[in-house]
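The values are calculated or read from the model by the stated rules, or taken from the named source; none is laboratory data. All values derive from a computational prediction rather than experimental measurement. So basically every Cβ, Gly included, is an ideal-geometry build from the backbone, and we count neighbours across all protein chains shown.
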Amino acid sequence: MKKLLFAVPKGRILDELNPLFERAGIIPEKDFFNGSSRKIIFSTNLKNLEIIKVRSFDVATFVKFGGADLGVCGFDVLEEFSSNEIFPVLDLKIGKCRLSLAGKTNSLSNNQDHSSLKSNSHIRIATKYPSLAHRHFANLGIQAETIKLNGAIEIAPQLGLCDFIVDLVSSGKTLEENNMIELQKILDVTSHLIVNRASFKISNHEINQIIHSFDAAI
Ligand code: PRP
């Protein structure tokens, strides 16, 4: 029988995800917890389940194309992909943060409403989420030009690329240390268990078992 492949994001979220895996009865091999290991694919105590550790956006890509059957992915990434091939099946209630519009401290007043933003006929935004940002501002009747960056978004306004950014905010420290302020929350974000549409049909029983064990673990 084909093994199921579960994609998880590298980085901070793993600290919150590891206890969930444990409570769900999924124990990855030792190397999974070794930060200096260069392995990408890991076996688990379940003989029909392997885990891959990849970047958060790549979790969605692997699941979308069926390379991975399941994954853990932020609601931010899900909204950016907005793919029919990806089923979000369970809110894991970890990785809580928000996706927000931010500007330079001197750009605009905090808590501004849409109408004051709207007075900017054309706003330019640096973000990892070009489609989400474009869609969000189009819904508000604001024309937004987006510049795609993959990290260090907060530096873009200082370097003259744009006036605003759309990025994740958790503690707010990154914005503060880069002289920026949060202007509007766009989305509340938590991590979700996601499943590839075709895999869900083909391996329905096995995948449902995994969903139930995560549900019980939350
Ligand atoms: C995220 C996000 C912000 C920061 C916000 O970056 O893109 O830069 O965290 O967190 P804070 O409000 O607690 O300061 P991450 O650390 O994931 O790295 P990245 O820039 O490579 O995406």
Original post:
Looking at Gly11, Gly35, Gly95, which one is within 16 Å of the ligand (Cβ to nearest atom), at pLDDT below 95, closer than 30 Å to Gln184 by Cα and not basic (Lys, Arg)?
Top reply: Gly11
Original post:
Do any residues in segment 74-90 that are within 14 Å of Lys64 (Cβ to Cβ) have Cβ atoms under 6 Å from those of residues that are buried (at least 17 other Cβ atoms within 10 Å of the Cβ) and among the small types (Gly, Ala, Ser), where the two are at least six apart or on different chains, and which pairs are they?
Top reply: Val77/Ser56; Val77/Ala60; Phe81/Ala60
Original post:
Applying the selection to segment 153-188, what residues are of a type in the set (Val, Ile, Thr) and more than 13 Å from the ligand (Cβ to nearest atom)?
Top reply: Ile186
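From the list Ser131, Ser119, exactly one residue is modelled with pLDDT under 95 and surrounded by fewer than 19 Cβ atoms within 10 Å (Cβ to Cβ). Which is it? Talk me through it step by step, then tell me what you get.
On the way: Ser131 fails: modelled with pLDDT under 95.
On inspection, the qualifying residue turns out to be Ser119.
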Original post:
Of the residues that make up segment 36-49, is at least one among the β-branched types (Val, Ile, Thr) and within 22 Å of the chain's Cα centre (by Cα)?
Top reply: yes
**OP:** Being part of a loop (DSSP other than H, G, I, E, B), crowded, with 18+ Cβ neighbours inside 10 Å and more than 15 Å from the ligand (Cβ to nearest atom) narrows it down to one of Ile26, Ile51, so name that one.
**Re:** Ile26
